[in-house]
Amino acid sequence: MEFVEPLSELIHHPQEFTKGLNFPSADRIRIYDDTLRDGEQMPGVAFSPEQKFKIARQLSRLGVHIIDLGFPSAAESEREAMRLILNGQRKGDIREDLELVVMCRSDRRDIDVTLKALKGFGVGPQDVTFFIFTSGSNLHLKYKLGRTLLKREGRSEDEWLKLPVRWYQEANIRMAVEAISYAREKGARSVEFGGEDGSRCDVEYIIELAKACYEAGGTRYSFPDTVGCFTPEGVRHYMTRIVEAFPGKDLVVHFHNDYGLAAINTITAMSCGINIPTCTINGLGERAGNAPLHQVVVTLKQLYGIEVPGFNYDLLIETRKLVEQYSGIPVAMNEPIIGEGVYTHESGIHTAGLLVHPAIYQAIPPEMVGARLRYVFGKHSGAAAVAKVLQDHADQLKESGIDVTPELVNRVTYFVKAARQKRCETDQFTHLTEYYYREWDRLGISERRLVELAITLGEMDQSNRA
């Protein structure tokens, strides 16, 4: 039905409370997808090169602006996936304006492997973005990179624990600057850069590192919350200073979801002026995953009034299903926005309200994301929903000589309530959950299986030597 009053007079819209923030203009926002690289780091997930190509093609249709292709130096399969995607872009299967990113450590060897691979594909270094990264936090600099930095600087490993953190900070800047300068000398035009564990780094050091990298030829800074421990308050503290330090620059954020805060942290960063959010399809990624793309883009549109130009929101469900199929990881039925159950209703109170108008109980229009409103029937169902469905199928019932009457509606309603209640007393779902976790465990090779494999291969070697 149509409301007599405008909807704005009947409810307070969330956007009433999200005005006045420092969001970039919609035409500056660029959605950066990391499913093919960071998403694949989710335990047990491994995409074939062909699957990566098909996901990239779907992301192109969806309307993302940037795709991280992963580490060309990591494996031959990574390079094959990169070849397929680059060829697909040349042939028009993938949008020409879709930016493709290749990852490199701050190491000439990584850069050289990438350059060689690109040359073999008939592509120049100017045709992709190099993401040359290092570390940022003092913890990472001294205790993860420490011995690498000592070796680069010609220092003895015996000095590892003795040298102050500041020495490692300075050596790290030198390493990052050298790598970026080298990539630019070799023909790279676009160089993204960043320091891992940025959210646990001194913001003054982050800015010092970023300034040096810009001066060396870096073109875009990326700030990561590597272990997913940021709060919105921390995001605002860091991002305000970073945006002030680099006015007018494209700036990236890359947040993990260990506390379930990646999406709101990403949006908070954007409200401070960050224009490039990094996300993954279905929130895939190591540990608890990355900022889920669907949560970020739909929240921006519906709650903050920011619609990303050219983004095809109605392909979100389709994209979810493709990545579920290839990853082997289904999203939860009640996953916000794209879950199979979030547009499905059973409660009699809810269905009665929805039959008046969907806005009464559904804040997200299902058709916007490629879903549809559905009803299921059980112990909570009401006669109104039963009557609606029967009326929708009145012609089919009529062919069987059956009229939709109040008496029929009541009988059907009573029957489905009773039948579902009876099932509650007999259904056992233990086998379903056991099967799910058993199959999930089989996605990767367990520690036990790894040891068994080592024993088998070791025994084969011993037998061959004998």
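The values are calculated or read from the model by the stated rules, or taken from the named source; none is laboratory data. The structure displayed is predicted, hence computed values, not measured ones. Neighbour counts run over all protein chains shown; Cβ positions are idealised from the backbone, glycine included.
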Residue within region 241-250 that is crowded, with 24+ Cβ neighbours inside 10 Å and either touching a Leu at 6+ places or on another chain (Cβ under 6 Å) or of a type in the set (A, V, I, L, M, F, W, C) (or both) present: no
Top-ranked residue in region 5-58 [being in a loop (DSSP other than H, G, I, E, B) and of a type in the set (Gly, Ala, Ser); ranked as modelled with the lowest pLDDT]: Gly20
Exclusive hit being β-branched (Val, Ile, Thr), over 19 Å from Gln15 (Cα atoms) and modelled with pLDDT of 95 or more, set Ile317, Ile329: Ile317
Criterion (surrounded by fewer than 22 Cβ atoms within 10 Å (Cβ to Cβ) and charged (D, E, K, R)) met by exactly one of Asp34, Asp112, Asp68: Asp112
Residues satisfying the stated conditions in region 260-288, i.e. touching an Asp or Glu at 6+ places or on another chain (Cβ under 6 Å) and of a type in the set (Ser, Thr, Tyr): Thr278, Thr280
Qualifying positions in region 114-150 - among the β-branched types (Val, Ile, Thr) and under 27 Å from the mean Cα position of the chain (by Cα): Thr114, Val128, Thr129, Ile132, Thr134
Qualifying residue in region 62-78 (condition: under 24 Å from Phe311 (Cα atoms), assigned by TED's automatic domain parsing to the domain that holds Asp27, among the hydrophobic types (A, V, I, L, M, F, W, C) and in a helix (DSSP H, G or I)): yes
